[in-house]
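Taking it in order: structure first as structure tokens, then the write-up.
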Amino acid sequence: MKKFLLASLCFWTVMNSRAQSFAASQIPDSLKTNADVVIRLEEKVFEIKSPGHAVIRERHVYTILSEKADDYATYKTTYDKFISINYVNAVLYDASGRELKRFKKKDMQDHPIEGEGSFVSDDRYKIGSFYCHTYPYTVDFEEEDEKNGFMHIDDWFPQPSIQGSVEYSKYTVIAPSDYGVRFKMLNSKITPAITEKSNKKTYTWEIRNLPAIEEIPFSPELICYAPYLMVGPTDIDVEGYKGNMSSWNDFARFYGSLQKGRDMLPEEIRQKVHALTDAVNLPQEKVAVLYDYLQKNTHYVGIQLGIGGWQTFDAAYVAHNKYGDCKALSNFMVALLKEAGIKGYPVIIRGGRDHRDFEKDFTNDPFNHIICCVPLNKDTLWLECTSQYLPAGYLSDFTSNRYGLMVEDNGGELVHTPVYSLADNTQFRSLSARLDAEGTLSVVSNTSYKAACQDPINSFINFRSKEDQLRVLKSKFDLPTYDVTAFDYQQDYSKRLPVIQESMKLTVTNYAQVSGKRIFINPDILSRSSTKLLEDKNRQYDVEFDDEYIHVDSVQILIPEGYQTESKPADIALQNKFGRYSTHTEVGADRIVYYRKLEQYSGRFPGKEYGDVVKFYNQIYNADHSRIVLVRKN
Amino acid sequence: MKSKKLILLGVFAALFQQALFAQEKLDIQFGKVAASDFDLSSQKFDSGSNAVIIADIGKTSFEGNRKSGMTMIFTRFMRVKILNKNGFDIADNRILLYHNGKGDEEKITELKGSTFNLENGRVSEAKLDEKSVFTERYDKHRDITKFTLPDLRQGSVYDITYTIKSDFFFNLRPWSFQGDYPRLWSEYETTIPPVFHYATLMQGDDHFDLKTSKDVYQHFTIIVNNGTEADDFYELSGDSRQQRWVKKNVPALKEEPYTSSVDNYRAKLSFQLHYLQWTQESERHDYLTDWFKASEKLMNDEDFGMKLNHDNAWMSSDVKINTDDCKSDEEKIKKIYAFVRDNFSCTSHEGLYAQSSLKDVYKKKAGSVAEINLLLTAMLRQAHITADPVILSTRSNGVANQSYPLMEEFNYVICEAYSGDKKYTLDASEPLNGFGHLVSDCYNGEARIVNQEKPYIVNLSPDSLRESKTSQVFIVNDEKGFPVGSFETTLGNEESYALREEIKRTTQKDYFKKLQARYGADASIENTGIDSLSHLEDPVSVHYDFDLKNLLSGDVVYFNPMMDEIYKNNPFKSSERHYPVEMPYKMDELYVLSMDIPKGYIVDEIPKSAKVSLNESDGIFEYLIQKNETNIQMRVHLKLNKAYFPVADYPTLRDFFAYVVKKENEQIVFKKIP
């Protein structure tokens, strides 16, 4: 009886002391402004026990102020066969800091991670949530993980969302004294406190009282301006594979060592390589022939297993199954090239349409994809080995214009993938149409898309069946009521930059508004801008345009007899640092002739120029939506 | 060792009559692929497809097992041709296998796969190797086996076959004759011993190219471990019923907008265990029943009705606090409903059964839709209100079978409460539902009250749901002669719900910023407001003032009187249609405008008034406009009297909306007085 009393008393006091420190009333007002959640306390300790073993302890205490931040009451943690979760302790407190509920690791749900591009993988996650409808409330999550083999050290991003303010956040890295810890702080001048005791070196970063940020439209990602610490390992040891990550060269050497001996081709494939290439003279052509062989005979299946998804399936596996993930297919391609006496290299890269700043002088792993690079005498060929549809040497906007890490025989270096310029990325459209007296428009459209402008069309025609293409075409255009009566696509891959020709026939019911004596018609049939922007006088952040291209439309519309012009849009010519736009409209006795040209430049512009951006795009919007008014002759 | 001979039921005279009609069979065998098999030019199928299923053949039969019963054997054979590189995905096979956590599990055996390619007239074969078959945990009760085929190319043909053994004879595997790819031949055969009696349910197009039924004599040995070393053997023999269904040249299923669930149109057979009787003498176990018995069973289910029957006195003080000052039953129902809706989070809007006890749900402040609405029912009953749970299948889940009470087809629980002769249909799982409102996904035909005495239907047809919206615009000339105006729209329940949800995620400020962006320079808006956002029972109304300063910028001025309420494009985009149009509700939209003619201008041209109806009485579109010396009056009414339109009505419906779009895009033309 006595024992029981003591135990429960202890529990009560512990509970009470933990609780008191997180009463919502203690939050200063400055941290509540614009905030849906206050990060009361965040602590993470990444302790490197040895190059192959680390222990990570973390604690997150959030006070949730409104239902918009309810997501913070859900705790999710991922793991794979290299990570074991030692414990998770989660507690829910009410506004006064009184404990309401708790859960542990065993109470959490467990799921496999299945995502796009992933068919089989080791990755799983655990998830648990609190539900509270009385605001504010506070959640407190603690976790300890153990990693056997690690290739990166966690970053520190104390303010991960604009909706949250930060009361206190701390990151500690502990490593053996002789272990080199590398780090780089972005967007902040915070430096670590470094102490050393019993052969352990401790690095500590702290931050206090960051207010929440008011939402600003079209601003860059938070990661571009909020404090962000990158930390990198030096020595690593994963399942007996030892290496170093201090420099890009070391990183590449380690990656290369994981793939050693995995490029052996079966005899029949070697013979095939010789049969295909021995008679070909130019190395460029040999590459093209082998790339074509790869494209025709293999395809992508996302099977990511083992060594953090870093070790490739060997070439023989791909030779038998004729499938693999990006590294397996790139590895196979390099092996094919090797057999033909050509040197090719895997390039580790971050694939994606969003462009991020790349920190060249800090070695870490921002990558998620692998392509292949073949440096030839005057020309370097880039090969996307997971695509069946790109011409040899062309990269789509998924991997073009960015840095990647080329893995050479004993090391490697950063390389930059090709940039496709304004003159490369073109869309030329010619429309010839006839308008009848009821307002129905019959259109014949011919469009030529080149380089980056053909990327979306390439996916559209190659990843959908003909039937599906028609279904999409019949509903994608901003037209009142219409039908697509014929369409066709032709790909021209004879040159380095791919071209797709599109031809299409449309019938648009009530395209023009025909009233008693007038016809209202917009001569811009298929290229009307949908971008309408609002002024923002306080904008602080840069404006960024990733893509550059030229779109040209030339339109001819035959009109019914007996009408004359009442009004037509004035010709426009705009030019500034964001681009160039011009239109020209002519109305003749029987036809309308319309010409539109838009050049979009890429670049990053200071936020104070946003007003000019708004003006430019709204002028384009208005011009694109202007109508010609025809009135019946008396 | 003992041996018992039992005579099975169902030995009919028919036994001696061989089925005499010729059976058409597909001459096809795993691994036997000839060069000529690659040529499908004589076959009829959609050439726009990425892959075609040449044959998909499934068989279910039974064998005696060592666990005192019978095991169901399902075998499948599939032959596929890849027509182009986009068809590779069809080869990504995922097979789910169930286990009950007590040692009984479905097992996959004899999994084989081979890809065949035609090279210079010769057929090469690549076999699926064991290392490339992956099995992982999927969820608590299921594992997933995944594999894809080796050496796939454009033009490859592949075969797969596997067997699944299962003791869960409630789940006789259903068969889909239709899916994402066209099928040349789809066949299912069941051979069912007379012990088991299944009801066969068909959905979708019920035409079969072949449909046969015959008796086959079968012999089974069942081993019963009696706890000693010597097992008991039971020998069973008799006529099993063998049924076979074949569909040829089945087109692919296609997703279309305005369908509740394309699954409703999939040609599919499924089976329900009706009853089980081991021998003529033994007891008959009935599984498939009527709604009275099904309700009784559900009410006695530990994961459903029993939760209401438990002593729920622990909630009595909270119920009392909530209802103490209530003067009527109706008031009590409203109070308790609001309490549950506002204090509990719904973690899943899927599922008929409650996994947690109501007490746990209460403590956790969260639960599935079933748990929350059972809690609501329990709290109402605690307050001495008559209330029953109601089960339904949501629109996205498909229509539940009309003939039998099949619990697995239901995925949602709501509550029906009564006060005198008034009834209230309640769903407390949606925090933005007003009292008596349901989200449109619940409107999918017949819902069922779970009450063993009165298992009645609650009709939740989309045709019974009307979504009414009224917009009013007044434009006058201000003291300086500029046109200024006010806009007010009162939304229907659905749109109110959507707007409440949007404002919950963002802010009112964002909403009006977006609206201003849509108007651009044409109008600038001010004095904005949204009413009744927090009065969930009432429709939301949006209002603002605007000025049209930029309108009067020339001698001839064009003005579209529909403002922001216009149908710019036809909502029925595609000119073709395969399935009926199922809208979530009947729409009823009224737009009224009164406008002063701008100072110094006269009306040069005004759209003509028009009135059209859709199929006489299915809908109406009225566009009435008139002017006098100083003012224009307009009234536009768009109303559909039903939510469901058969395929045959699609062209008319699309034409009707084409006309709506045409009229609503018309302009008023003002001319400056010289």
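Overview of values
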item: Residue match in segment A:77-96 (condition: touching a Ser or Thr at 6+ places or on another chain (Cβ under 6 Å), more than 11 Å from chain B (Cβ to nearest Cβ) and buried (at least 17 other Cβ atoms within 10 Å of the Cβ)); result: yes
item: Residue satisfying all of: in segment A:472-488; crowded, with 16+ Cβ neighbours inside 10 Å and more than 28 Å from the chain's Cα centre (by Cα); farthest from the other protein chains (Cβ to nearest Cβ) among these; result: A:487
item: Scope segment B:402-416; condition farther than 14 Å from residue B:439 by Cα and not hydrophobic (A, V, I, L, M, F, W, C); matching residues; result: B:402, B:403, B:404, B:405, B:408, B:409, B:411, B:416
item: Residue that is nearest to residue B:662 (Cα to Cα) [pool: residues in segment A:513-525 that are within 14 Å of another protein chain (Cβ to nearest Cβ) and in a loop (DSSP other than H, G, I, E, B)]; result: A:515
item: Filter pass, residue A:500 being more than 8 Å from every other protein chain (Cβ to nearest Cβ) and closer than 30 Å to residue A:634 by Cα; result: no
item: Test for residue B:61: is it in contact (Cβ under 8 Å) with a residue 12 or more places away in the chain and assigned to a loop (DSSP other than H, G, I, E, B); result: no
item: Neighbours by Cβ (under 6 Å, 6+ apart or cross-chain): first from segment B:87-111, within 14 Å of chain A (Cβ to nearest Cβ); second among the small types (Gly, Ala, Ser); result: B:87/B:51; B:90/B:51
item: Close pairs from segment A:312-325: first facing chain B (nearest Cβ under 8 Å), partner in a helix (DSSP H, G or I), Cβ under 7 Å, at least 6 apart; result: A:321/B:132; A:322/A:297
item: Index of the failed condition, residue A:598 passing every other in (1) within 14 Å of chain B (Cβ to nearest Cβ); (2) among the hydrophobic types (A, V, I, L, M, F, W, C); (3) crowded, with 16+ Cβ neighbours inside 10 Å; result: (1)
item: Subset of segment B:501-544 that is in a strand (DSSP E or B) and either within 13 Å of chain A (Cβ to nearest Cβ) or surrounded by fewer than 17 Cβ atoms within 10 Å (Cβ to Cβ) (or both) - its residue that is modelled with the lowest pLDDT; result: B:524
item: Search result, residues across segment B:589-612 that are aliphatic (A, V, I, L, M), more than 46 Å from the chain's Cα centre (by Cα) and surrounded by fewer than 19 Cβ atoms within 10 Å (Cβ to Cβ); result: B:602, B:603
item: Residue match in segment B:135-144 (condition: assigned to a loop (DSSP other than H, G, I, E, B) and within 10 Å of another protein chain (Cβ to nearest Cβ)); result: yes
item: Residue ID - nearest to the chain's Cα centre (by Cα), chosen from residues in segment A:279-302 that are away from chain B (no Cβ under 14 Å) and touching a residue at least 40 places away in the same chain (Cβ under 8 Å); result: A:291
item: Members of segment B:270-301 that are part of a strand (DSSP E or B) and under 15 Å from residue B:402 (Cα atoms); result: B:270, B:271, B:272
item: Tally, over segment B:336-354, of residues that are closer than 19 Å to residue B:379 by Cβ, in contact with a strand residue (DSSP E or B) (Cβ under 8 Å, 6 or more places away or on another chain) and among the small types (Gly, Ala, Ser); result: 2
item: Scope segment B:12-44; condition at pLDDT below 85, aromatic (Phe, Trp, Tyr) and either assigned to a loop (DSSP other than H, G, I, E, B) or within 35 Å of the chain's Cα centre (by Cα) (or both); matching residues; result: B:12, B:21
item: Of residues in segment B:629-644 being out of contact with any Pro (no Cβ under 6 Å at 6 or more places or on another chain) and crowded, with 20+ Cβ neighbours inside 10 Å, the one nearest to residue B:463 (Cα to Cα); result: B:640
item: Set B:613, B:609, B:617: member being of a type in the set (Ser, Thr, Tyr), touching a Phe, Trp or Tyr at 6+ places or on another chain (Cβ under 7 Å) and more than 12 Å from chain A (Cβ to nearest Cβ); result: B:609
item: All positions within segment A:407-435 that are over 23 Å from residue A:492 (Cβ atoms) and surrounded by 20 or more Cβ atoms within 10 Å (Cβ to Cβ); result: A:407, A:412, A:433, A:435
item: Strands (runs of 3 or more DSSP E) wholly inside segment A:51-130 that include at least 3 residues being β-branched (Val, Ile, Thr); result: A:53-64, A:74-79, A:83-93
item: Residues within segment A:445-471 that are surrounded by fewer than 16 Cβ atoms within 10 Å (Cβ to Cβ) and either more than 10 Å from chain B (Cβ to nearest Cβ) or over 23 Å from residue B:572 (Cβ atoms) (or both), tallied; result: 4
item: Residue in segment A:255-278 that is nearest to the chain's Cα centre (by Cα), counting only those that are within 21 Å of residue A:371 (Cα to Cα) and free of Cβ contacts under 8 Å to residues at least 60 places away in the same chain; result: A:258
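The values are calculated or read from the model by the stated rules, or taken from the named source; none is laboratory data. Since the model is a prediction, treat every value here as computed from it, not as a measurement. Ideal geometry is used to build each Cβ from the backbone, glycine not excepted, and the neighbour counts take in all protein chains shown.
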